[in-house]
Amino acid sequence: MKKNSKDIFNKKDINLKELFDYFFERKKIFYWSILIMVVLGSIRFFTTPKTYESVATKLTEVESGSQSGLSQLSNLASLSGINLPLAGPNSSISPEMYPEIISSKPFLIELVNEKFYFQTKKDTLVLKDYLVEEYSNRPFNLIFGGITSIPSRFISMFSDEVTVSPIVESALEEEGRPKYLIFSSEEDLASELLKGALKIEDEGTMITLSVKMPEALIAAELNNIIFEKIVRYVTDYKTRKLRINLTFIEERTKESEINFIQSQLALASFRDNNQGMVSQRARTREEQLQAEFNIAYNVYNSMMQELETSRIQLKKETPIFSEFAAPIVPNNPVNTSFLKTFIIFSFLGILVGFGIVTFQMIKEYFSTELIQKEK
C-alpha cells in the first residue's frame with residue numbers, strides 16, 4: 001500500500017525513510033519523466049545544426065609605456081621648432097569594456113546586416129536572414145515558439161493596434177549621429193542569436209575573440225570583421241577630440257596661408273610699382289605692407305607648427321592592435337556530445353519527476369485535510 005503524505009507530515013518528527021519510500025513508490029513517474037526528457041534531448045541533439053568555433057587573438061598597446069615614448073618624441077620635435085605638449089590622462093576604452101561593446105544592440109545590428117557566402121545555401125545572404133531562417137526551421141523552436149506565441153496571438157485578436165513597419169528607422173541629430181534607432185523584429189531576434197555566439201576575453205595585453213557559426217569559413221570571416229569594427233570603434237572613441245581639433249587647425253592653417261600669400265603678393269606688387277621712388281608716403285606704405293607680411297608669416301608659421309603637433313599627437317594616440325593569432329578556419333564542430341546531452345536531460349528528467357511527485361504530495365495532503373473538515 002502506498003504511503004499517504006498526511007501520515008508522513010502529521011507526525012511530530014518527519015521520518016526520512018518514510019519520505020524516501022514515498023518517492024520510491026512513485027518511481028514510475030521518474031522513469032517516464034526521464035524517458036520523455038531523454039527523447040526530447042535526443043531530438044534536440046540530432047536536429048541542432050553543427051557549430052564551428054573560430055578563435056583569434058590580438059595584442060594591444062600598454063598605456064603605461066606610452067608616456068615615456070611621447071616624452072622622447074617631444075624632445076625630437078622641439079629640435080625642429082615644434083612644441084609637442086606631454087599628454088595628460090586620456091579618455092580611452094578599457095579592454096574590459098570590449099564584451100559590453102560586442103553585446104550592444106547597435107554593434108550587433110551592424111554585424112547581422114553583413115553579407116556572407118553560405119556554402120550550404122550556395123548563395124550570398126545577409127547574416128540576419130540566415131540566422132532567422134535557421135532558427136525558425138528547428139523543430140524545438142517551432143514547437144516552443146508556437147506555444148509561447150499563443151498568448152500574444154490571442155491578445156492580438158482583440159487589439160486594434162497598428163503594427164510598426166519592420167524597416168530600420170533613425171532620427172538624426174547634429175553631426176549625423178542617430179538620436180534613436182528602431183529595429184525590425186528580425187534584426188532583434190538575429191542580434192540575440194548572434195550575441196550568444198560571440199565571446200571576447202581580456203587577458204592583460206591579449207584580446208581573444210571566439211565566434212561560433214554553422215559554417216567554418218563564416219566563423220573565421222566574422223571573427224575578422226568583428227575585430228576590425230572593434231579597432232575602428234576604439235580608435236574613433238579615443239581620437240575623437242584630437243580629430244576635431246586637427247580639423248579646426250587645418251581650416252585655420254589654410255586661412256593663414258591665404259592671408260600670408262595675399263600679403264606677400266601685395267608687398268611684392270607695391271615694390272615692383274614703386275621702384276626708385278623715395279617719397280615718405282611710399283616708404284611708409286612699404287613699411288606697413290612689410291609689417292602685415294611679417295605678421296601673416298608668423299601666424300602661418302605658428303599654425304603650421306601647431307598642425308604638425310596635432311598630427312603627431314593624433315598618431316601617437318591612435319591605439320595599436322597587433323595580430324598575435326589570426327582566426328583559423330575550424331575543421332571540426334564544437335557541438336555538445338550525445339553523452340553529455342544524455343546526462344543533462346536525464347538530470348532534468350529527475351528534477352521534473354521530483355517536481356511532479358512533490359506537487360502530488362502537497363495536493364494529496366491538502367485534499368485530505370479538506371475532506372476531514374467537511375466530515
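The values are calculated or read from the model by the stated rules, or taken from the named source; none is laboratory data. Quick caveat, the model's predicted, so the values are computed rather than measured. Every residue, glycine as well, gets a Cβ built from its backbone with ideal geometry; the counts of neighbours run over all protein chains shown.
The table that follows gives values for the structure above.
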{"quantity": "Top-ranked residue of the range 338-360 - restricted to ones that are touching a Lys or Arg at 6+ places or on another chain (Cβ under 9 Å) and farther than 14 Å from K27 by Cβ, ranked as modelled with the lowest pLDDT", "calculated": "T341"}
{"quantity": "Pairs with Cβ under 6 Å, 6+ apart, first in the range 127-144 and at pLDDT below 60, second not hydrophobic (A, V, I, L, M, F, W, C)", "calculated": "P139/T47; F140/R44; N141/Y135"}
{"quantity": "Selection from the range 177-219 of residues that are surrounded by fewer than 16 Cβ atoms within 10 Å (Cβ to Cβ), under 18 Å from the mean Cα position of the chain (by Cα) and either outside the structural domain of E323 (by TED's automatic domain parsing) or among the hydroxyl-bearing types (S, T, Y) (or both)", "calculated": "Y180, T208"}
{"quantity": "Filter result (aliphatic (A, V, I, L, M), over 26 Å from K316 (Cα atoms) and loosely packed, with under 14 Cβ neighbours inside 10 Å) within the range 243-267", "calculated": "I258, I261, L265"}
{"quantity": "Residue within the range 150-168 that is at pLDDT below 80 and touching a helix residue (DSSP H, G or I) at 6+ places or on another chain (Cβ under 8 Å) present", "calculated": "yes"}
{"quantity": "Of all residues making up the range 268-304, the number that are under 30 Å from E251 (Cα atoms) and exposed (fewer than 12 other Cβ atoms within 10 Å of the Cβ)", "calculated": "2"}
